[in-house]
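Only one structure is covered here, and it is reproduced in the block below.
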Amino acid sequence: MSSAIEEILQQIPLSQLASQLGTDEQTAGAAAQQAIPALLGGLQANAQDPDGAASLEGALGQHSSSLIDGGVDLNQVDAGEGQKIVSNIFGDHAGGVAQALGGQLGGQGDLIQKMLPILAPIVMSYLAKRMGGGGAGGMLSSLLGGATAGGALGGGAAGGGIGDLLGGMLGGGQQQGAGNPMADLLGGMLGGGRR
């Protein structure tokens, strides 16, 4: 698991998440380990398109890092806002993504579907924190080295920006996409970026 995914998971109170979802902590934790990379991967797929990247940078500029500062209180998460984020990331594929992820957990698609809108604002808050609260593309590029698990991506490529930042968080992005079943799953469903 890449450090970004671990950092986000560490901020989430699993007992509170499990309670909200009506499941046990172990199941909630396993589902979160599927859902967080899916959200990051979906954001990355959208960021491959210049319009998607600009839209995402604008959205991050409107998100505060306060949700994730000092640990997350799930009572502060607006699941309605989270559902809008999930719809923006996955579009018409949200249900299919949830079922595919849930299938990897033994048919927990409905659980993932309930979890995505809870986790989406947390992921956005985390990304806003990594950007320092600013929406400038240059800040995203400068974060690139720090966001990658092992600095796998050096400097911003021409397409650079948030797509590379997210790729680094997912463990090297495009270069290692073939070895990442999550990237393959999302790439196939989203066509490399929602149109």
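The values are calculated or read from the model by the stated rules, or taken from the named source; none is laboratory data. On a predicted model such as this, the values are computed, not experimentally measured, just so you know. Virtual Cβ from ideal backbone geometry, glycine too; neighbours counted across all protein chains shown. Each accessible area value is taken on the protein alone, full model and side chains, heavy atoms only, with ligands, DNA and RNA left out. Shrake-Rupley method; radii C 1.70, N 1.55, O 1.52, S 1.80 Å.
Computed quantities for the displayed model
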item: With all protein chains modelled, accessible area of V97 [1.4 Å, Å²]; result: 0 Å²
item: Extended-chain gain in nm, criterion 0.36 nm per residue less alpha-carbon gap, Q10 and D78; result: 22.5 nm
item: Simple label model, 7 Å out from Cα along Cβ direction - Q99 to D24, nm; result: 2.8 nm
item: Kirkwood-based Rg to Rh ratio, the stretch 1-102, C-alpha trace; result: 0.95
item: From the C-alpha gyration tensor of the stretch 65-109, square roots of 5λ in Å; result: 25, 15, 8
item: Segment D51-S64, length gained on full extension (0.36 nm per residue, minus Cα span); result: 2.5 nm
item: Computed accessible area, L40, all protein chains, 1.4 angstrom probe, square angstrom; result: 0 Å²
